[in-house]
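A.B. asks: This is the structure I want to talk about, given as structure tokens.
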Amino acid sequence: MNPVESTPPSLLTRREAARFLSVSERQVWNLQNDGRLPHVRIGRSVRFRVTDLEAFVASRTVKAR
């Protein structure tokens, strides 16, 4: 097996990012356009780094009191 095929993707589409965050694609689009969700533009395509999505979730985690 090719090692590249076995590694999870580091860049996700908007649909995959929405699934990762358990929100709608529209919500991901809004977060992206508001500048709250970092993204990568490759030509006309928009991709999201898994590490950026994880950091986004971590930054919004509410600590129990």
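A.B. asks: For mean projected area of the Cα convex hull in nm², the listed values are [x] 6.0; [y] 3.8; [z] 5.7; which was obtained by calculation from the structure presented?
C.D. replies: Matching entry in [x] 6.0; [y] 3.8; [z] 5.7: [x].
A.B. asks: Further question on the same structure: Need one number: nm distance between label points at Lys63 and Ser45, each 7 Å from Cα along Cα→Cβ, rounded to one decimal.
C.D. replies: According to this spin-label approximation, the distance is 4.0 nm.
A.B. asks: Give me the distance in nm between label points sitting 7 Å out from Cα along the Cα-to-Cβ direction at Gln32 and Glu54, one decimal.
C.D. replies: Label at Gln32, label at Glu54, 2.1 nm between them.
A.B. asks: Give the relative contact order (percent, whole number) for the chain; include only Cα pairs under 8 Å separated by 6+ residues. Walk me through the numbers on the way to the answer.
C.D. replies: On the way: 50 pairs, mean separation 21.2, N = 65.
Dividing the mean separation by the residue count of the chain yields 33 percent.
We did not get these values from a lab; they are worked out from the coordinates using the rules stated. Predicted model, so just to flag it, every value in this text is computed and none were measured. Methodologically, a virtual Cβ is constructed for each residue, glycine included, from the backbone with ideal geometry; neighbour enumeration extends over all protein chains shown.
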